[in-house]
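Bear in mind that the values in this text are calculations on the coordinates, not laboratory data. Because the structure is predicted, anything quoted here is derived from the model rather than measured. Neighbour counts run over all protein chains shown; Cβ positions are idealised from the backbone, glycine included.
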């Protein structure tokens, strides 16, 4: 099984300050706040108002262009922050530009202009997000990676809650909501830039020993971690996109508000669970065991969903899947920092890992269209369960880093 040595030195362990960890987690939550309400609510509403019956087509164009821009920008700006060795400056510039462009998106008066601004926004947003992700690898020791992963679980919940906040009836006009989101992002990210003064850990900037062969050591571990995350992300993306339609296929009486409450409730519960599991992983120096367990539980839950005889069983299956996937993705983000072999290219390498977040958006629609019309959602969930099970096997059978 893949495992890792603790970064704690002999004798008394050195710890990153709790203040920095909390400010950093707040900043990551701000990053989620920047894109979750916009991409899931505000952008679709804006496109529907401008495109009418053609809104699905234009949303598809926007999603594709945005995913490509985000993928390239995350790699590119991560690499640039590696070269300059200054994450903070890139985070600040990205924050300013992405916030300004988010406000500017409300002024777009044509669909081509809207998509053009969307691409620029994705570029500037990832100018902030990529160095922010790499910064944790520079300053958070391995024996705190589990705690870091637990704190990162706040980000999805914050994104979902911000979407609920800005869409409260009467709170803000549609165009004003963009500015409201931008303000929330600045409030979350700026404190770590201004007040985050992390302790330095020189050992985190030292390259890991080179493996004897290309199929052993860090390279093999990184490949397994990358593929495992991609497989779980495909399943998570499918449920994110089709949860409401699946629930309606089981019980036509269920409403969008009930589905939204279910989705948000699972994200909130995932926060304390991930914190607990992350602390356990730190104390026992078993960073990958929770990932294996979470991937396995996700696979089992998907099978329950595929065979669910009614709504109650379906909801239980989804709750277990959503909780397991949430724990997996948050802890995986932190433990990835543990296995990357080259600190000098940490930002670029994390950008490559970020492809596991954007590629599912391109893979999942084709998979769904191939499965659901022929086999229904049950067939789709069986395939997704197999993918999650493969992710579990990849992690269980991997070698322990030296």
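Multiplying the sequence separation of residue 93 and residue 390 by 0.36 nm and subtracting their Cα-Cα distance, what value in nm do you get?
Details: separation 297, 0.36 × 297 = 106.92 nm, distance 3.97 nm.
Difference between extended and current length: 102.9 nm.
For the residues 333, 81, 55, what sequence is obtained by ranking on other C-beta atoms within 10 Å, fewest first? Walk me through the numbers before you get to the answer.
Working: 333 22, 81 29, 55 17.
So the residues, fewest neighbours to most, are 55, 333, 81.
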Review point. For the chain, modelled as a GNM with alpha-carbon contacts under 10 angstrom, which of 191, 360, 252 fluctuates the most?
Key: 252
Review point. What is the stretch 218-396's relative contact order, in percent, from Cα pairs under 8 angstrom and six or more apart in sequence?
Key: 43
Check your understanding: Among 162, 110, 99, which one shows the biggest mean-square fluctuation in a GNM of the chain, springs joining Cα atoms closer than 10 Å?
Key -> 110
Review point. Which order, highest average first, do 116-128, 219-231 follow once you tally other Cβ atoms within 10 Å for each residue and take the mean per peptide?
Key: 116-128, 219-231
**Study point:** Choice from 320, 304, 45 with maximal GNM fluctuation in the chain (Cα, 10 Å cutoff)
**Key:** 45
Check your understanding: Taking square-rooted eigenvalues a ≥ b ≥ c of the alpha carbon gyration tensor, is the chain rounded, prolate or oblate, where a/c under 1.5 means rounded and, failing that, a/b exceeding b/c means prolate?
Key -> oblate
Point to revise | the stretch 317-388 shape via C-alpha gyration tensor axes, a/c threshold 1.5 | key: oblate
Practice item. When a/c is below 1.5 the answer is rounded, else prolate if a/b is larger than b/c, else oblate, so apply that to the stretch 18-194 with a ≥ b ≥ c taken from the square roots of the Cα gyration tensor eigenvalues. Key: prolate
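May I have the convex hull volume per residue, in Å³, for the Cα set of the stretch 218-396? Don't skip to the answer; put the middle values down first.
Details: hull volume 19.9 nm³, N = 179.
Dividing the Cα hull volume of the stretch 218-396 by its residues yields 111 Å³.
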**Study point:** Per-residue Cβ neighbour rank within 10 angstrom, fewest leading, 340, 384
**Key:** 340, 384
**Study point:** Taking the chain and dividing mean pair separation by its residue count, relative contact order in percent (alpha carbons under 8 Å, at least six apart)
**Key:** 31
Study note, to complete from the structure: Summing -39500 (n - 2.57) over every DSSP H run of at least 4 in the chain, dividing by its residue total and rounding to the nearest 500, the 222 nm mean residue ellipticity is -27500 deg cm²/dmol
Check your understanding: Do you know the relative contact order of the stretch 18-194, to the nearest whole percent, from alpha carbon pairs under 8 angstrom that are 6+ apart?
Key -> 45
